[in-house]
Amino acid sequence: MTSDLKFTKGKQVTGVARSRMGSKLKKMYERGSSIRALAELTGRSYGFIHRLLLESGVQLRPRGGRPFTRSPRRSAERVARRIGVR
């Protein structure tokens, strides 16, 4: 699974670890994962993931996600496996 994205609850994520986590979450979000799915995957709050994505320079999708003109979104874990995050 994505052990490098898991941190002890309440532990601050700073410095290099925060940058790495932000870049991995950015890739997953841009490939279709929702903020809620990423929060569940990492064990962090929705607000933390939202802030981290903004810090990473992500342009957030509008509320309601992307339109259903494409195939359904992949789960966060499936996207993580696809991009090789462990």
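Listed values, structure above:
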quantity: Point-to-point label distance, Ile83-Arg20, nm (Cα→Cβ direction, 7 Å offset); calculated: 1.5
quantity: Using a Förster distance of 22 Å, the FRET efficiency for Arg51-Arg31 (Cβ separation, nearest 0.05); calculated: 0.65
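Where a number appears in this text, it was derived from the coordinates with a stated rule and is not lab data. Nothing here was measured: the structure is a model prediction, and the numbers come from that model. Glycine gets a Cβ as well: all are built from the backbone with ideal geometry, and neighbour counts include every protein chain shown.
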